[in-house]
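The values are calculated or read from the model by the stated rules, or taken from the named source; none is laboratory data. The structure presented is a predicted model; accordingly, all values stated were derived computationally and were not measured. Ideal geometry is used to build each Cβ from the backbone, glycine not excepted, and the neighbour counts take in all protein chains shown.
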């Protein structure tokens, strides 16, 4: 009986130590991405993607917040890191056009830079070239603080994989180790106009 009691005490002691160790290992690290215009936390509103299953509904909510002088943010866990991404927006329901060379367009599986379409796995290398170009290559960004990351979407596309994409983007951004903030936004895919008809040969006109 004495041995059994001693065994129980030792077991509980070891169990308590394991619980404390796991608690230490589960320390949460907080990271923020995007541009915070104000230091007032009340102006930044958390968006629960479960309530906005499509990008159309998400876009409408973000615009609603922008029109009320608030900034939407999306938070998610990545291992022991709690990441928060801020999306400063405009109240005007119209796209903001930027110089193409300063923009990296991203979809769930592709990266668009200038006229090149690459796999999403190439994002790190594209970001590194853009952030450290400093105007040397005319096809890349003018400077590191002008780089813009834009996530393209279709209105009816689901948002259930957005956090995975944001996690990938922020991991690559951290790996690049550039001294600037991550300027990121959502951008609806534009429908390309049909190609113009071939030119008319005036010699064929009678």
- Note on the structure: Within the range 36-82, residues part of a helix (DSSP H, G or I) and loosely packed, with under 13 Cβ neighbours inside 10 Å come out as 41, 42, 50, 51
- For the range 160-180, how many residues are part of a loop (DSSP other than H, G, I, E, B) and within 12 Å of the chain's Cα centre (by Cα)? 1
- Kindly indicate the residue of the range 113-132 that is part of a helix (DSSP H, G or I) and touching a helix residue (DSSP H, G or I) at 6+ places or on another chain (Cβ under 6 Å) and also surrounded by the fewest Cβ atoms within 10 Å (Cβ to Cβ) among those meeting that condition. 128
- Item | Some residue of the range 139-150 being modelled with pLDDT of 90 or more, in a loop (DSSP other than H, G, I, E, B), under 18 Å from the mean Cα position of the chain (by Cα) and over 15 Å from residue 189 (Cβ atoms) | yes
